[in-house]
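*Asks:* Starting off with a structure, shown below.
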């Protein structure tokens with residue numbers, strides 16, 4: 001199988017590399033964390049100018065019709081740069097839900113604004129009791145005339161304190177963890193009854209707690225068929241996990257390269273520490289773990305658009321397991337080789353390790369996904 005990028009994909013890769021090389025030196029990232037919402041509006045505009053915000057959307061919505069490979073290319077560079085902008089939340093998650101499940105009116109209203117950089121959207125789905133279960137939703141939606149009334153609370157909404165709209169999951173019927181009975185609704189961040197509490201996360205990014213109290217939405221704000229939203233949520237979550245795997249590979253590659261560079265300059269006992277055989281072995285192990293993670297991230301990318309939900313989920317769970325294990329192995333080695341400096345706020349390597357650790361926990365950590373694979377009969381079914 002040929003894994004080489006085509007000419008257009010290589011051009012995209014080079015364009016994104018140049019963007020982050022110019023706009024994301026480590027000192028600049030520190031400044032961006034102090035801007036409203038914890039990310040740069042100027043860099044976001046450059047995302048839009050390069051076409052990154054419309055990458056997966058159709059041309060009539062301001063996009064270029066890219067697929068999972070193009071998303072992988074962008075997310076890997078985001079991981080290398082430790083970029084803070086809400087690309088995953090707005091383009092991959094919210095954009096994916098609208099692209100796959102929204103009606104023509106919603107798509108025409110929202111997707112061009114996302115592609116142009118004028119609108120950021122958050123996916124308000126996770127709840128405190130969910131523990132990675134995508135069907136675990138107790139927020140409610142009840143029909144009220146021609147529309148719906150939403151009540152409940154959402155947790156860890158990525159970049160939720162700077163989003164102008166939310167896509168909210170809510171239960172119309174069934175028990176708290178039934179896959180049947182879920183709906184998705186577009187809600188304005190400033191709507192009556194919406195309360196937002198933003199906070200910083202351990203990796204330098206931001207999230208929010210969202211409270212919904214008697215929030216009214218029109219029937220046209222529903223994405224897909226109310227009560228049958230779970231397959232759409234699962235599919236877009238799988239696409240987001242594939243994108244996160246690519247981001248993690250970018251961060252791990254940066255950790256590995258930074259550590260090797262440090263080994264070439266740091267001296268101990270009058271010698272560079274890179275001349276010590278034990279550390280050379282440790283650096284080689286980092287490369288092996290990185291290549292294992294890269295291979296599984298490619299598998300997740302290839303499987304992200306597969307219609308077979310079981311096959312898709314097993315492959316992406318397997319990638320998530322490897323990403324979690326490789327991220328821990330590479331991160332621990334990088335910190336140990338750097339010594340005490342690796343734990344300081346001034347050193348990049350610690351920030352990469354925090355981000356990779358956060359990626360491991362998003363949508364389920366390595367242990368959780370290993371359990372899913374086992375429950376599903378393994379990556380390759382014996383049948």
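*Asks:* Just to be sure I understand, how many residues within the range 82-108 are crowded, with 24+ Cβ neighbours inside 10 Å and more than 18 Å from residue 123 (Cβ to Cβ)?
*Replies:* 1
*Asks:* Is at least one residue of the range 118-130 more than 17 Å from the chain's Cα centre (by Cα), part of a strand (DSSP E or B) and either buried (at least 24 other Cβ atoms within 10 Å of the Cβ) or modelled with pLDDT of 95 or more (or both)?
*Replies:* There is no residue in the range 118-130 that is more than 17 Å from the chain's Cα centre (by Cα), part of a strand (DSSP E or B) and either buried (at least 24 other Cβ atoms within 10 Å of the Cβ) or modelled with pLDDT of 95 or more (or both).
*Asks:* Just give me the residues in the range 195-220 being surrounded by 20 or more Cβ atoms within 10 Å (Cβ to Cβ), touching a helix residue (DSSP H, G or I) at 6+ places or on another chain (Cβ under 9 Å) and either over 20 Å from residue 359 (Cβ atoms) or without any contact (Cβ under 8 Å) to a residue 24 or more places away in the chain (or both), in sequence order.
*Replies:* 210
The values are calculated or read from the model by the stated rules, or taken from the named source; none is laboratory data. All values derive from a computational prediction rather than experimental measurement. Because the Cβ atoms are built from the backbone with ideal geometry, glycine has one as well, and the counts that use them run over all protein chains shown.
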